[in-house]
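The structure under discussion appears below in the form of structure tokens.
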Amino acid sequence: MKHKRPKRLKDQVIVITGGSSGIGLATARMAARHGARVVLAARNHDDLRDVTNEIIGNGGKAVAVVADVADPAAVDHIGEKALMEFGTIDTWVNNAGLSIYGKLADVPLEDKRKLFDINFWGVVHGCRTAVRLMKDRGGVLINIGSEVSDIAIPLQGIYSASKHAVKGYTDALRMELEHDRIPIAVTLVKPSAINTPYPEHARSYLEDGVPALPPPLYAPEVVADAILRCAERPVRDVIVGGAGRMQVAMGHFAPRLTDRFMERAMIAPQKTRDRVQPREGNLDRPQRDGRARGVQQSYTMQSSCYTRFALSPLTKALPFAAAGIAMIAARNYWR
């Protein structure tokens, strides 16, 4: 099925969950600068108010909706507010999520369920609302997975499991919508390690140190750029950051070797002693920050050549060009 061509970014209404910090905030700012009207959803009223006022003060158009994505009625309210304010929804970004650091045997079952309520069921609720509201006019649905949608990482096992679940749900939903000829394009964006407040928001069961992100890190604006490119030219899925793409490839071609690498190389970099922070994180209630970037001092890459290439229109044409060259070569050979 051929989807309707998405509107130009400047003509779109974009809903972003988890819009008060990190990737969601960076995406909202960038979308507004391009002229899009943005609907920001998060649990923290004060951060949402400040972010929305900032966007409007800079000449953009934005509206805030306080909502917990674990509550399906609250997610429905996000969609209703978007329609009431702007009359339509063109792109819906399911971005809200958080992590828990600690060995799986040490993380209480109640916390594991709460994380799935946000990371997985929050996406399910967002997809349900977005499909209901966009199925007639068409649109773009973008779910934020992770490089650990394809591989797993120790000390964040339940986060990895939730992102695997997001990938499975996204892929199945895409097939069903295509089968039913519903004109909604579905994209899964899978970031590598991104320098956001993500480790500061995580609940921690680490025995020593506090949560950190393993290098290399990418700026949240790199993910925001990928999301907005997909809003105009949807793709099936894309990994943001060449480092993540390399790790996923390792896991595919040499899974046991990758397990050993993860065991030896990914434990220590996920802990730091250069700061202290509360262990509870954002799992039960939101912290106040309103920041796109985290406090980690590691070098942060401001772009990803791999991701730009993966999203280039030229890249989409390469398989067809290769097939054409092969056909010409075969024809010449048989002649």
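The values are calculated or read from the model by the stated rules, or taken from the named source; none is laboratory data. Keep in mind the model is a prediction, meaning the values are calculated, not measured. Here the Cβ positions follow ideal geometry from the backbone for every residue, glycine too, while neighbour counts run over all protein chains shown. Each accessible area value is taken on the protein alone, full model and side chains, heavy atoms only, with ligands, DNA and RNA left out. Shrake-Rupley method; radii C 1.70, N 1.55, O 1.52, S 1.80 Å.
Using mean Cβ contacts within 10 Å as the protection proxy, how do 198-210, 284-296 order, highest first?
Order by mean packing, descending: 198-210, 284-296.
Restricting to Cα pairs below 8 Å that are 6+ residues apart, what does the relative contact order work out to for the stretch 66-142? Please round to a whole percent.
47
In the chain, which helices (entire DSSP H runs) extend 24 Å or more along their own long axis, judged by Cα positions, while averaging at least 0.5 on the Kyte-Doolittle scale?
Once both thresholds are applied, what remains is 313-334.
Ranked highest first by the average count of other Cβ atoms within 10 Å around their residues, in what order do 182-188, 273-279, 66-72, 298-304 fall?
In decreasing order of mean packing, 182-188, 273-279, 66-72, 298-304 become 182-188, 66-72, 298-304, 273-279.
Could you work out [θ]222 nm for the chain from helices alone, using -39500 (n - 2.57) per DSSP H run of at least four and dividing by all its residues? Round to the nearest 500 deg cm²/dmol.
It comes out at -15000 deg cm²/dmol, rounded to the nearest 500.
Taking a cut-off of 13 Å between Cα atoms, list the aspartates and glutamates near LYS10, but don't count ones fewer than 8 places away on the same chain.
Cα-Cα hits under 13 Å: ASP90, GLU232.
Which value, in Å² rounded to 10, gives the accessible area of PHE261 with a 1.4 Å probe and all protein chains present?
Rounded to the nearest 10, the figure is 80 Å².
How high is the relative contact order of the chain, given as a whole-number percent (alpha carbon pairs under 8 Å, six or more residues apart)?
Working: 664 pairs, mean separation 68.9, N = 335.
Taking the mean separation of contacting Cα pairs over the length of the chain, I get 21 percent.
Can you tell me the alpha carbon radius of gyration of the chain divided by the globular rule-of-thumb value 2.2 N^0.38 Å?
With N residues counted in the chain, Rg over 2.2 N^0.38 Å equals 1.00.
Take the residue pairs LYS7/LYS163; LYS4/LYS163; LYS61/LYS114; LYS114/LYS163 and return only those whose Cα atoms are more than 26 Å apart.
Correct reply: LYS7/LYS163; LYS4/LYS163; LYS61/LYS114.
How large is the charge dipole for the stretch 203-317, taken about the Cα centre, if only the Cβ atoms of Lys, Arg (+1) and Asp, Glu (-1) carry charge, to the nearest 20 debye?
160
Could you give the size of the charge dipole of the stretch 1-141 about its Cα centre, using +1 on the Cβ of each K and R and -1 on the Cβ of each D and E, expressed in debye and rounded to the nearest 20? Spell out each step's value before the answer.
Details: 21 positive and 16 negative charges, 177 e Å.
Roughly 860 debye for the stretch 1-141.
5 Å is the cut-off here: which amide hydrogens, built 1.01 Å from N in the peptide plane, fall below it relative to ALA152, excluding neighbours closer than 5 in sequence?
HN-HN under 5 Å from ALA152: empty list.
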